[in-house]
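So the structure is just underneath, and the comments pick up after that.
The values are calculated or read from the model by the stated rules, or taken from the named source; none is laboratory data. Remember, predicted model here, so these are calculated numbers, not experimental data. Here the Cβ is made from the backbone with ideal geometry for all residues, glycine too, and neighbour counts use every protein chain on show.
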Amino acid sequence: MFDVGFSEIALIAVVALIVIGPERLPKTARTLGHLFGRLQRYVNEVKADISREMELEELKKLQNEVHSAARDIELLQRRYGLRLVGVELLEEP
């Protein structure tokens with residue numbers, strides 16, 4: 001997610017130790033860890049929802065194409081008196 005190296009993490013830890021103090025640092029770090037975990041889960045849920053919506057849209061488009069093709073075939077059958085055999089359209093006797 002973020003490109004943070006060891007030196008940046010060490011600097012953040014030293015600043016946090018100075019600002020927060022050694023007594024409250026463990027509780028603060030645990031709380032931040034929980035919040036970061038929640039944030040990651042939320043982001044993953046949003047990604048999954050977006051992916052499902054995109055798949056649903058693709059399926060709806062495919063369904064519309066199939067319905068359109070079926071209507072076209074029915075029109076051809078009615079117009080030219082054809083019947084569908086296998087994959088080929090044959091004239092009815």
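Yes/no per residue for (1) of a type outside the set (Phe, Trp, Tyr); (2) at pLDDT 95 or above; (3) not in a helix (DSSP H, G or I):
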site	(1), (2), (3)
8	yes, no, no
12	yes, no, no
43	yes, yes, no
66	yes, no, no
78	yes, no, no
83	yes, no, yes
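Against the conditions (1) surrounded by 10 or more Cβ atoms within 10 Å (Cβ to Cβ); (2) part of a loop (DSSP other than H, G, I, E, B); (3) not hydrophobic (A, V, I, L, M, F, W, C), where does residue 22 fall short? Just the number, please.
(1)
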